Amino acid sequence: MLLTLLPLALAGDPVLDALHLEPRVEVLDNGLTLILHEDHRAPVVATSLVYKVGSAEDRPGRTGKAHLFEHLMFEGSANVPAGAFDTWLAEAGAVNNAWTDLDWTAYTIQGPPGALELALFLESDRLGWLPHGLTDEALENQRGVVSNERLGDETDDNSWPIYALEAALWPEDHPYHWPIVGTMEDINGVSRGELMAFFSRWYVPGNAAMVVVGDFETEAALAAARAYLGAVPEKPPPERPLVESPPLAGEHRRVFYEDMDDAQLYLAWRTVPEGHPDEAALDLLSELIAGGRGRPLDDKLYYRRARTTGVGAWSWNGRLGGEFVIWATRDSEPLEPLIKHIDRELTRIREAPPSQEEVDRVLARWKTQTLQSLEDHASLADALGLCWARFDTPDCLDSDLARYLAVTPEDVQRVAQTWLTDDRLILSVLSFQEAALAVPGSAPVVPP
Amino acid sequence: MSGLWSLGLTAALAAPEVNQPPPMEVVEHEEGVPVWKLGLTPAPEREAPTPTPPEVPRLPEPALATLSGGAEVALLHRPEIPLVRVEVSIAWPGLEQELRPRLAAALAGDLMGATRRRSAEAFASEMDLLGADWAVGMTRTRLWADVEVPAGSEEAAVALLAEALTAPRFRWLETRREARRWSEWRRDLWLDIRRSHDRAENHAWFPEDHPSRHTASPKDLKRLRARHLRRVARRVVREGQAFVAVAGATELEAMLPILEAHLGDLGGDVGRAAAPGFEVSGATWLVDRSGFDVAEISLMTPGPAWGDPDLAATQVLMGLLAGDFTSRVQTDLRETRGLTYGVGGAVQVWEHSGRLLIDLEVQEDRTAEAVAALEGQLDRLLAEGVEEDEVRRAKRALLLEAGQGVATNAQAAAALGGLWMHGEGVADLQGRLETIAGVTTEEVEAAAARWLGEGGRVRVITGDRDALEAALEEAGVAVDRVVTARALGEER
């Protein structure tokens, strides 16, 4: 669904030109995709090994597997003793990390050019032969680490309500219902065997792309990548089933009782998966309505009238669905009156498109932010990897931005009419002592 | 590596209809879920390649100039990405010991953006149309403003930025509203365990009259008026020394006329006075905040001030003690014991003092174990010294970090501004990197002996007193002060 050719009107835009990269792409015999982009701005090389697997591949009763597994990837493999992954990279002057999302998992390394070969070796060894080096002790330690990660989220006023929001927005059997980190019970209950089966199914060369960005010479890097990553045995790439995520039916009012500084209100809708023709307009709508000073909800609820202590919006789109969320916070006052103000702005956009200037403002910022996200090698490597994961092409950066630049005020109006309907979730988050401030008629929700 | 292939693993799959594994032998069923036996293929024996040792990164040298009013300019030409970033810093003239100007300055920073010629909304709208990422703010040491735009829009962006700095508008109602928001935030501080802990860290470290101590109270904030904000903003812009950092797809010849036209008047001659140094003596605070399953732990010791010859060795020391995943505290508390998601380590350097800080969050019922393990790591380092290998790794991590720290225009401009605030330039930073590369184990051990001694350790532990006090006592941690989060929140 992604545009592959830029509209003629956008040709010659220096921002799009800067985003038009032509990385070298090669698919190895075992199915692994190599994406190499030379960039000699600094003596740094960044790798990002992206796998098409995330917490959406977990299952109810066995949540958190994808994320816990990510932690185990650092604990040793056939030719890398426990602890050596980090130590060897540190000796080379390199650092590493990883992240697990709902749909993707990525492993990153950044260091001087001399560390590249080691990075490729390490990634190949854990992709090919992780179970040979993993110990039960490492698994138990990482259970503790991940449990602490979840407890940290539970302590955070910004993170913990999101657990409740996603649980209330998505059906129990939908992969976006449960948290990436998993439930405490599942973190502690998953067996080593289950984790190894997870590895065997998802961590195969045909389900991964290695991106290398930075100060290297392509032919030499290709030779090293072929030698190390090409040695990993081929396995059949997995199927990733799509899960239906129809819009909510009716208005759902929920409340999550938790000690909070300010009471929080969320209005949330299910929208479209990534790559959908409405994705760009929904993103721009979220910025247009509550993207900072000079935007309607910010001005009316925060700056001109102190009706809230904070307000914002986001649109997010994943492989299996999307969500549009407007949030506001309030200090010791009822939350329901805020809904009326938010609805008034939504009605305004549904009834008449925003002005071209309103859209231009958002688009201009969007361009700058897109360029900024590519400034450092690590971010660029991640971005190229996500292009491959989301759109099966490593050079989507310019065509992806072009989708946004093509959005019209009428598109913004249309997506507001289509998706921001009365079929929505209204979630109040506040302490039990302030229960009277919740939106009336809300049923309690408990995060999984 | 022979013999590895003979390992057998079992795998229970929760949802086999969706999660089909690769072909394997079904050996048993457990509660209706098939359990599979994975036959591991032999792993080839492979040698890890030996990387070439990293070199000390060469930091880019900026082009330098001075505007007619005295503001210094440093420009880093980075043509690859069509963005230009401009960051203006104006150092506080003198040192404000009084609370009110300090609070007025902080509040003024929050409200900057409205000008005498444009409403805040109009200002934001014009910046948006340029595609500008911009911000203005005031800290205890400087007024700063930055903007980043696609190349070609830099002149309009600098003009707007200059207007925000030199012609700010502060009105009664907006000032009151912002002060009230801050006041409410301040009033509810005790509800949040992390904010309570941050405040305790601050109060346990800085003496009552020190300008870095967090003392704003709702009463102080209520007394602030728009005229206080106007006065402090005017004074800083008129008297403070100024610096402009530029990074991006532009060159000095192109930028100088723009900067001169809009920022040429900046640059006072009143130097910045340093915050005073102070003595630190060891203490342990327990902050009582129940209702969470976690506890927050911080361990602080004195550290080098800016310009201290031990700074580089101390940075290496903290790197190997509480830096990356290979550091001692990370390895012991996270990787070996699974006690925490992560450990933070920092060398905080001020004009006349410094602080080494290690902090972590742990499950409440393992707090005493974590404190004992943390202290044990410091004691062991003092008793046994450090290894050549860990010193080398810590140095390399610092050098990589320095290179990464100027990767983006924002980072580069911020780095230039930070150096200028300390009267330094890129050459000084480059020199410090060379010094780090040459740090020896003996120098690290000397720094450890100087800073990590038991007598200077300040510990702050925040969590449920009922759950923690006895366990800490049992672990040999004597608590000097117990304070509730609510009382701490009200303390000046």
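Being under 30 Å from residue B:286 (Cβ atoms), crowded, with 21+ Cβ neighbours inside 10 Å and without any contact (Cβ under 8 Å) to a residue 40 or more places away in the chain narrows it down to one residue among B:374, B:339; which is it?
Numbers: B:374 fails: without any contact (Cβ under 8 Å) to a residue 40 or more places away in the chain.
So the residue among B:374, B:339 that is under 30 Å from residue B:286 (Cβ atoms), crowded, with 21+ Cβ neighbours inside 10 Å and without any contact (Cβ under 8 Å) to a residue 40 or more places away in the chain is B:339.
Quick one: would you say residue B:296 is among the charged types (D, E, K, R), touching a strand residue (DSSP E or B) at 6+ places or on another chain (Cβ under 8 Å) and surrounded by fewer than 16 Cβ atoms within 10 Å (Cβ to Cβ)?
Values: among the charged types (D, E, K, R): yes; touching a strand residue (DSSP E or B) at 6+ places or on another chain (Cβ under 8 Å): yes; surrounded by fewer than 16 Cβ atoms within 10 Å (Cβ to Cβ): no.
Answer is no for this residue.
Exactly one of (1) hydroxyl-bearing (Ser, Thr, Tyr); (2) away from chain B (no Cβ under 14 Å); (3) crowded, with 21+ Cβ neighbours inside 10 Å; (4) part of a helix (DSSP H, G or I) is unmet by residue A:228. Its number?
(2)
Spot the failing condition for residue B:113; the list is (1) within 18 Å of residue B:260 (Cβ to Cβ); (2) of a type outside the set (A, V, I, L, M); (3) surrounded by 19 or more Cβ atoms within 10 Å (Cβ to Cβ), and only one is missed.
The single condition residue B:113 does not satisfy is (1).
Can you tell me which residue is surrounded by the most Cβ atoms within 10 Å (Cβ to Cβ) among those in region A:160-176 that are of a type outside the set (A, V, I, L, M, F, W, C) and in a helix (DSSP H, G or I)? Spell out the reasoning first.
Of region A:160-176, the ones of a type outside the set (A, V, I, L, M, F, W, C) are A:161, A:163, A:166, A:171-176.
Next, from what is left, pick out any that are in a helix (DSSP H, G or I): A:161, A:163, A:166.
On the way: A:161: 21, A:163: 23, A:166: 21.
Per the stated criteria, the residue is A:163.
Of the residues B:83, B:67, only one is at pLDDT 95 or above and within 7 Å of chain A (Cβ to nearest Cβ); which?
After ruling out the rest, the residue left standing is B:83.
Can you name the residue in region B:349-366 that is in contact with a Gly (Cβ under 6 Å, 6 or more places away or on another chain) and either closer than 19 Å to residue B:281 by Cβ or β-branched (Val, Ile, Thr) (or both) and, of all such residues, is nearest to the other protein chains (Cβ to nearest Cβ)?
If we filter region B:349-366 for residues that are in contact with a Gly (Cβ under 6 Å, 6 or more places away or on another chain), which is where we start, we get B:352-356, B:358-359, B:361, B:364.
Applying the additional criterion that residues be either closer than 19 Å to residue B:281 by Cβ or β-branched (Val, Ile, Thr) (or both) yields B:352-356, B:358.
Values: B:352: 33, B:353: 30, B:354: 25, B:355: 24, B:356: 21, B:358: 16 Å.
Among them, the one singled out is B:358.
Given the conditions (1) within 14 Å of chain A (Cβ to nearest Cβ); (2) at pLDDT below 95; (3) buried (at least 19 other Cβ atoms within 10 Å of the Cβ); (4) within 28 Å of the chain's Cα centre (by Cα), and given that residue B:58 satisfies all but one, which numbered condition is not satisfied?
So residue B:58 meets the others, but not (3).
Can you list the strands (runs of 3 or more DSSP E) lying wholly within region A:30-112 that have 1 or more residues being within 12 Å of chain B (Cβ to nearest Cβ) and crowded, with 20+ Cβ neighbours inside 10 Å? Can you show your working first?
Working: elements: A:33-38, A:45-51, A:95-100, A:105-111.
Where strands (runs of 3 or more DSSP E) fall fully within region A:30-112 and carry at least 1 residues being within 12 Å of chain B (Cβ to nearest Cβ) and crowded, with 20+ Cβ neighbours inside 10 Å, they are A:45-51, A:95-100, A:105-111.
Table: residues versus (1) hydroxyl-bearing (Ser, Thr, Tyr); (2) outside any helix (DSSP H, G or I); (3) modelled with pLDDT of 95 or more; (4) surrounded by 23 or more Cβ atoms within 10 Å (Cβ to Cβ).
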site	(1), (2), (3), (4)
A:122	no, no, yes, yes
A:126	no, no, yes, yes
A:138	no, no, no, no
A:158	no, yes, no, no
A:206	no, no, yes, no
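Tell me, yes or no, whether region A:321-330 has at least one residue that is outside any helix (DSSP H, G or I), within 14 Å of chain B (Cβ to nearest Cβ) and surrounded by fewer than 18 Cβ atoms within 10 Å (Cβ to Cβ).
no
Kindly evaluate residue B:416 against the criterion of being part of a helix (DSSP H, G or I), away from chain A (no Cβ under 13 Å) and modelled with pLDDT of 95 or more. Steps first, please.
Details: part of a helix (DSSP H, G or I): yes; away from chain A (no Cβ under 13 Å): yes; modelled with pLDDT of 95 or more: yes.
Yes; evaluated as a whole, the condition is true for this residue.
Can you name the number of the only condition in (1) within 10 Å of chain B (Cβ to nearest Cβ); (2) of a type in the set (Gly, Ala, Ser); (3) within 29 Å of residue A:43 (Cα to Cα); (4) without any contact (Cβ under 8 Å) to a residue 24 or more places away in the chain that residue A:364 fails?
It is condition (3) that residue A:364 fails.
I'd like the full set of residues that are assigned to a loop (DSSP other than H, G, I, E, B) and either at the interface with chain B (Cβ under 10 Å from one of its Cβ atoms) or modelled with pLDDT under 95 (or both), limited to region A:182-198.
Filtering region A:182-198 for residues assigned to a loop (DSSP other than H, G, I, E, B) gives A:182-183, A:190-191.
Selection gives A:190, A:191.
Output the number of the condition that residue A:179 fails; it satisfies all remaining conditions of (1) assigned to a loop (DSSP other than H, G, I, E, B); (2) within 11 Å of chain B (Cβ to nearest Cβ); (3) touching a Pro at 6+ places or on another chain (Cβ under 7 Å).
Every condition holds for residue A:179 apart from (2).
From (1) over 15 Å from residue B:492 (Cα atoms); (2) more than 10 Å from chain A (Cβ to nearest Cβ), pick out the condition that doesn't hold for residue B:177.
If we test residue B:177 against (1) over 15 Å from residue B:492 (Cα atoms); (2) more than 10 Å from chain A (Cβ to nearest Cβ), just (2) comes out false.
Can you spot a residue in region B:201-222 that is of a type in the set (Asp, Glu), within 30 Å of residue B:295 (Cα to Cα), within 14 Å of chain A (Cβ to nearest Cβ) and within 28 Å of the chain's Cα centre (by Cα)? First the steps, then the outcome.
Initial filter on region B:201-222 (of a type in the set (Asp, Glu)): B:201, B:208-209, B:220.
Imposing the further condition that a residue be within 30 Å of residue B:295 (Cα to Cα) reduces the set to B:201, B:208-209.
Then drop every residue that is not within 14 Å of chain A (Cβ to nearest Cβ), which leaves none.
The answer is no, given that none of the residues of region B:201-222 is of a type in the set (Asp, Glu), within 30 Å of residue B:295 (Cα to Cα), within 14 Å of chain A (Cβ to nearest Cβ) and within 28 Å of the chain's Cα centre (by Cα).
Please give the strands (runs of 3 or more DSSP E) falling wholly within region B:270-356 in which 2 or more residues are hydroxyl-bearing (Ser, Thr, Tyr). Reasoning before the result, please.
Numbers: elements: B:283-288, B:294-302, B:340-349.
Output list reads B:294-302, B:340-349.
With the checklist (1) within 10 Å of chain A (Cβ to nearest Cβ); (2) over 24 Å from the mean Cα position of the chain (by Cα); (3) surrounded by 14 or more Cβ atoms within 10 Å (Cβ to Cβ) in hand, flag the one item residue B:53 doesn't pass.
Unmet for residue B:53, out of (1) within 10 Å of chain A (Cβ to nearest Cβ); (2) over 24 Å from the mean Cα position of the chain (by Cα); (3) surrounded by 14 or more Cβ atoms within 10 Å (Cβ to Cβ): (3).
For residues in region A:208-237 being modelled with pLDDT under 95 and touching a Gly at 6+ places or on another chain (Cβ under 7 Å), which is nearest to residue B:185 (Cα to Cα)?
Top of the filtered list is A:237.
The rows are residues; the columns are (1) under 30 Å from residue A:101 (Cα atoms); (2) in contact (Cβ under 8 Å) with a residue 40 or more places away in the chain; (3) more than 10 Å from every other protein chain (Cβ to nearest Cβ); (4) surrounded by fewer than 21 Cβ atoms within 10 Å (Cβ to Cβ).
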residue	(1), (2), (3), (4)
A:339	no, yes, yes, yes
A:348	no, yes, yes, yes
A:352	no, yes, yes, yes
A:371	yes, yes, no, no
A:379	yes, no, no, yes
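Return the only residue of A:201, A:293, A:240 being at pLDDT below 95, within 14 Å of chain B (Cβ to nearest Cβ) and under 30 Å from residue A:329 (Cα atoms). Break it down into steps so the answer makes sense when it comes.
On the way: A:201 fails: under 30 Å from residue A:329 (Cα atoms); A:240 fails: under 30 Å from residue A:329 (Cα atoms).
Among A:201, A:293, A:240, only A:293 is at pLDDT below 95, within 14 Å of chain B (Cβ to nearest Cβ) and under 30 Å from residue A:329 (Cα atoms).
Of everything in region B:479-488, what is part of a helix (DSSP H, G or I) and surrounded by fewer than 19 Cβ atoms within 10 Å (Cβ to Cβ)? Give them in sequence order.
Residues satisfying the conditions are B:486, B:487.
What is the number of the single condition among (1) surrounded by fewer than 18 Cβ atoms within 10 Å (Cβ to Cβ); (2) facing chain B (nearest Cβ under 10 Å) that residue A:215 does not meet?
In the conditions (1) surrounded by fewer than 18 Cβ atoms within 10 Å (Cβ to Cβ); (2) facing chain B (nearest Cβ under 10 Å), residue A:215 misses (2) alone.
Would you be able to say whether some residue in region A:248-259 is part of a loop (DSSP other than H, G, I, E, B), in contact with a Ser or Thr (Cβ under 6 Å, 6 or more places away or on another chain) and either more than 14 Å from every other protein chain (Cβ to nearest Cβ) or surrounded by fewer than 21 Cβ atoms within 10 Å (Cβ to Cβ) (or both)?
Of all residues in region A:248-259, those part of a loop (DSSP other than H, G, I, E, B) come to A:248-251, A:258-259.
This time we only want the ones that are in contact with a Ser or Thr (Cβ under 6 Å, 6 or more places away or on another chain), so: A:259.
Now restrict to residues that are either more than 14 Å from every other protein chain (Cβ to nearest Cβ) or surrounded by fewer than 21 Cβ atoms within 10 Å (Cβ to Cβ) (or both): A:259.
Yes - at least one qualifying residue is present in region A:248-259.
Would you pick out the residues in region B:229-268 that are part of a helix (DSSP H, G or I), of a type in the set (Val, Ile, Thr) and either more than 16 Å from residue B:144 (Cα to Cα) or at pLDDT 95 or above (or both)?
Answer for region B:229-268, where residues must be part of a helix (DSSP H, G or I), of a type in the set (Val, Ile, Thr) and either more than 16 Å from residue B:144 (Cα to Cα) or at pLDDT 95 or above (or both): just B:258.
The values are calculated or read from the model by the stated rules, or taken from the named source; none is laboratory data. From a predicted model like this one, the values you see are computed outputs, not experimental measurements. As a convention, Cβ positions derive from the backbone with ideal geometry for all residues, glycine included, and neighbour counts pool all protein chains shown.
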